[in-house]
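Structure record follows, encoded as structure tokens.
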Amino acid sequence: MKMKIALIPGDGIGPDIVQEAVKVLDAVGAVYGHSFEYATCLAGGCAIDATGVPLPATTLETCKKSDAVLLGAVGGPKWDKLAGSMRPEKALLGLRGGLGLFCNLRPALLYKQLSAACTLREDIIGDGLDIMVVRELTGGIYFGERGRSAAGDAAYDTMAYTVEEIERIVRKGFEIARKRRKILTSVDKANILETSRLWRETVERIAPEYSDVTLNHLYVDNAAMQLVRNPHQFDVIVTENMFGDILSDEASMITGSIGMLPSASLRADNFGMYEPIHGSAPDIAGKDLANPIATILSVAMMLRYTFSLTKEADAVEAAVSSVLDEGWRTGDIMSEGMKQVGTKRMGDLIVSKVK
Ligand code: NAD
């Protein structure tokens with residue numbers, strides 16, 4: 001298979017970690033007979049410096065002509081004082097909107113080798129955690145009408161959803177659950193919100209098409225509590241934009257390893273943008289200290305969700321697990337008795353396992 005990938009290294013540690021992820025992709029290409037062609041583009045602070053805007057039109061064009069996008073991270077203290085529309089993070093919103101990415105996948109994966117980093121008790125974590133949060137990304141209250149009263153003493157935000165918007169994200173949730181442990185939890189607030197009642201009706205209407213998947217409904221407040229009380233009950237969670245924003249952060253933060261977690265934002269045709277959940281970590285940029293695993297696991301997601309290369313994705317994830325088994329750690333996940341390595345060596349170790 002021949003695939004075109006747009007690379008957006010961005011700022012801070014972005015270039016350090018994207019470089020390692022590309023090494024892993026190339027190793028996958030060599031072992032399994034695929035060819036990956038890369039087009040590197042600017043976004044974020046480096047794009048502001050070079051072109052005056054956080055998301056140059058050429059970057060969006062290059063992404064549109066590619067099969068998938070791999071992004072490092074954007075932002076840093078150098079650009080912190082810029083006004084709203086000129087901030088580096090605007091590039092992310094521009095890319096998500098411009099590429100029509102409505103489905104955000106946020107795995108909360110805790111490797112048993114790193115369970116000491118988890119904030120939950122050992123008996124609650126068991127042999128690790130593996131939850132996938134599927135969040136609607138382009139609708140709901142973040143995009144609804146908002147405003148202030150004339151006197152400025154009142155304000156409102158509107159949550160709105162169409163059946164079409166609900167159906168396409170819920171179908172993604174069912175499809176992803178099908179490829180995993182086949183349990184889907186739909187999260188809403190149907191006891192109060194009309195959008196949630198429409199959400200639940202839509203889920204119920206399409207559920208018979210996925211009768212191999214066990215479906216549960218939870219109210220969002222209960223879901224937030226269950227995530228820390230008994231996280232093992234969850235396989236895939238599907239929910240609207242704001243609930244998903246909050247629950248995906250909660251789920252990923254209980255794993256305690258920010259340098260380990262990937263994410264994906266997808267379109268209906270499975271085109272996707274893949275990126276680690278962490279930021280540009282300016283404090284360790286260019287020092288060979290960053291953990292490249294979140295970005296390498298983002299590449300595994302790209303292989304799985306955009307290219308449907310399951311065997312290849314499994315190989316990358318197994319390579320990461322095997323390197324952890326052998327005790328190799330970057331500084332952020334270092335613990336007593338383990339062997340500390342830098343960004344490049346971690347990349348090389350994972351490449352050697354893929355090969
Ligand atoms: P951050 O995620 O960059 O860093 C938080 C802490 O985690 C830091 O101590 C950092 O060194 C550490 N860390 C993060 N990733 C790491 C990795 N891969 N390996 C080892 N340690 C790692 O969050 P922040 O400090 O709040 O933000 C820094 C900049 O990143 C800001 O400009 C912010 O706006 C931006 N940001 C960008 C994104 C993105 O591009 N998606 C997301 C969040 C923050």
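Go through (1) basic (Lys, Arg); (2) within 27 Å of residue 236 (Cα to Cα); (3) out of contact with any strand residue (DSSP E or B) (no Cβ under 8 Å at 6 or more places or on another chain) and name the single condition residue 106 misses.
(3)
Restricting attention to the stretch 79-102, which residues are more than 9 Å from the ligand (Cβ to nearest atom) and either touching a residue at least 60 places away in the same chain (Cβ under 8 Å) or within 15 Å of the chain's Cα centre (by Cα) (or both)?
Selection gives 93, 95, 96, 99, 100, 101, 102.
Residue 245 versus (1) buried (at least 22 other Cβ atoms within 10 Å of the Cβ); (2) under 12 Å from the mean Cα position of the chain (by Cα); (3) within 15 Å of the ligand (Cβ to nearest atom); (4) not aromatic (Phe, Trp, Tyr): which is the lone unmet condition?
All conditions are met except number (1).
Go through (1) within 16 Å of the ligand (Cβ to nearest atom); (2) in contact (Cβ under 8 Å) with a residue 40 or more places away in the chain; (3) in contact with a helix residue (DSSP H, G or I) (Cβ under 6 Å, 6 or more places away or on another chain); (4) assigned by TED's automatic domain parsing to the domain that holds residue 292 and name the single condition residue 41 misses.
Going through the list (1) within 16 Å of the ligand (Cβ to nearest atom); (2) in contact (Cβ under 8 Å) with a residue 40 or more places away in the chain; (3) in contact with a helix residue (DSSP H, G or I) (Cβ under 6 Å, 6 or more places away or on another chain); (4) assigned by TED's automatic domain parsing to the domain that holds residue 292, residue 41 breaks only (2).
Cβ-Cβ distance below 7 Å, separation of 6 or more or different chains: which pairs start in the stretch 233-262 with a residue that is assigned by TED's automatic domain parsing to the domain that holds residue 277 and more than 23 Å from residue 124 (Cα to Cα) and end on one that is surrounded by 24 or more Cβ atoms within 10 Å (Cβ to Cβ) and charged (D, E, K, R)?
The qualifying pairs do not exist here.
Can you tell me how many residues in the stretch 17-45 are part of a helix (DSSP H, G or I) and surrounded by fewer than 23 Cβ atoms within 10 Å (Cβ to Cβ)?
The qualifying residues number 9.
The values are calculated or read from the model by the stated rules, or taken from the named source; none is laboratory data. Nothing here was measured: the structure is a model prediction, and the numbers come from that model. Positions of Cβ are generated from backbone atoms using ideal geometry, with glycine treated the same way; all protein chains shown enter the neighbour counts.
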